[in-house]
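Step one of this worksheet: look at the structure below.
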Amino acid sequence: MNGLRKGSKALLRDLNKTLVLNEIRTKGPISRTEISQNTGLSLSSITRIADQLIKEGFIYEEGEGESTGGRRPIHLLFNQYYGYIIGIKIEVRKVIFTLSNLNGEIVAKAIKEYVKGSSSNVVMDIILNEIRLWFSKVNGEGKEILGIGIGVSGIVDTQNGILINSSLLGWNNVSFKSEIQRIIDVPVIVDNDVNAYTLAEMMYGAGKNLDNFLLVECGIGIGAGIVLNGEIYRGEFGGAGEIGHIILEKDGAPCYCGQKGCLERYSNEEFIVNRALELAKDNSNSILHNKSNEQVWIDDVREAAKYGDKVAIKAYNEAGYNLGLGLVSAINLFNISTIIMADEGVQAEEWLTPNVLNAVTNSFFSRYIDIEVKKSELGNIGWELGTVALVIKELFQVPLYKDRFTLYSS
Ligand SMILES: [Zn+2]
């Protein structure tokens, strides 16, 4: 691994400080003795580090009180309001700005709409304006913004903060990081939106305590966040997780990506709508009978399914089974046993998931382990939470690398 800091007193000091801060952040209220037991650091070291952290405002003490067992030891707590994070989620018609504290609790939000198909310059201006506004507001209150996270659909060079390509937005080579840092000197992390969502699920949702899982987004597209050994796997150039383009059918339906028979064509929203309409042609009892795909959106099919419309339910069931077949390839490739479903996977869970499960339980590894398919715990908020999680994860990581920012890096 390149970019490792050299061994030094400063490195050791930063490491110990991060270790103590993370104990307090994730387990607090916690006593100095407990931190010492958990970390192996001496009580005198803990006391010295805690004093510094209190002085710097990262933590605070909880007032001592009497309990039935006698005097209660003083506990240390993390100050989640030490600073704030701006999260930016870019969608096809709007940009969602989220302000969160250091525990990922959202304290403010703004939505700025733009015309679909706008250039990246137009959207960049919206972003820069909003960032200026939020900085002056937060700084005016005597607080600091510690970083900006951006989630965007497409292939992202996370190292340099550049969106290389987004077929959804029609943008190429957008240097979010350098554009933002031209107006304001703050760490900026850019990542693919599904990866950001996956990170949120890993830190705050159904992926907590899981070292390996696949987060599957089923919507207009089919994509996945891949978590391996507790880290998001990005691949050679940030494009990992394009499971929607696993080939499901030899010489099947053409896909916009240039291949034929892609999974996406057999399980995305468009498939569900078109399949439901096709089935409805021969079923006069269906709410969707005699309708065209200009009149019917995925929400209409979902509503129909809720009312028990057999045609709508069948379309979902088929999409679920197809999705499951595609997922078998991912499961076999990574030996992953947990699938977390997002988007339609949450909203239409009852008609999709059982069939996904049906398909994956016939996979190679299901002979050895139970494969679990569960739904996202975060739902739609995961998209926004993910953008701030990108920064929070960096801030509290072990400060081992020269080129990555943390709260403690001398
Ligand atoms: Zn494709």
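Structural remarks
- Residue satisfying all of: in segment 258-273; open to solvent by 60 Å² or more (accessible area, probe 1.4 Å) and in contact (Cβ under 8 Å) with a residue 12 or more places away in the chain; nearest to the ligand (Cβ to nearest atom) among these: GLN259
- Taking the criterion of being more than 8 Å from the ligand (Cβ to nearest atom), touching a strand residue (DSSP E or B) at 6+ places or on another chain (Cβ under 9 Å) and either of a type in the set (Phe, Trp, Tyr) or not in a loop (DSSP other than H, G, I, E, B) (or both), the residues of segment 229-246 that qualify are ILE232, TYR233, PHE237, ILE243.
- ASN172 away from the ligand (no atom under 16 Å from the Cβ), farther than 30 Å from THR406 by Cβ and either open to solvent by 20 Å² or more (accessible area, probe 1.4 Å) or without any contact (Cβ under 8 Å) to a residue 40 or more places away in the chain (or both): yes
- Which numbered condition GLU278 misses (of (1) assigned to a helix (DSSP H, G or I); (2) in contact with a helix residue (DSSP H, G or I) (Cβ under 7 Å, 6 or more places away or on another chain); (3) not hydrophobic (A, V, I, L, M, F, W, C)): (2)
- Segment 153-175: number of residues that are in contact with a Leu (Cβ under 7 Å, 6 or more places away or on another chain) and either in a strand (DSSP E or B) or over 19 Å from ALA240 (Cα atoms) (or both): 3
- Checklist (1) touching a Lys or Arg at 6+ places or on another chain (Cβ under 7 Å); (2) surrounded by fewer than 18 Cβ atoms within 10 Å (Cβ to Cβ) applied to ALA348, failing item: (2)
- Test result for LYS250, surrounded by fewer than 23 Cβ atoms within 10 Å (Cβ to Cβ), among the basic types (Lys, Arg) and part of a helix (DSSP H, G or I): no
- When the helices (runs of 4 or more DSSP H) confined to segment 2-77 are screened for residues that are modelled with pLDDT under 90, those reaching at least 1 such residues are found at 9-27.
- Any chance ASN165 is more than 18 Å from the chain's Cα centre (by Cα) and within 16 Å of the ligand (Cβ to nearest atom): yes
- Scanning segment 338-358 for residues that are in a helix (DSSP H, G or I) and under 20 Å from the mean Cα position of the chain (by Cα) returns GLU344, GLY345, VAL346, GLN347, GLU349.
- Answer residue from segment 176-225, given it is open to solvent by 40 Å² or more (accessible area, probe 1.4 Å) and outside any helix (DSSP H, G or I) and is farthest from GLU236 (Cα to Cα) among those: ASP185
- Some residue of segment 332-345 being surrounded by fewer than 17 Cβ atoms within 10 Å (Cβ to Cβ) and either among the small types (Gly, Ala, Ser) or within 16 Å of the ligand (Cβ to nearest atom) (or both): no
The values are calculated or read from the model by the stated rules, or taken from the named source; none is laboratory data. Remember, it's a predicted structure, so these values are computed and weren't measured experimentally. Note that each Cβ is placed from the backbone with ideal geometry, even for glycine, and that neighbours are counted across all protein chains shown. With ligands, DNA and RNA removed, areas are computed over all heavy atoms of the protein, side chains included. Shrake-Rupley method; radii C 1.70, N 1.55, O 1.52, S 1.80 Å.
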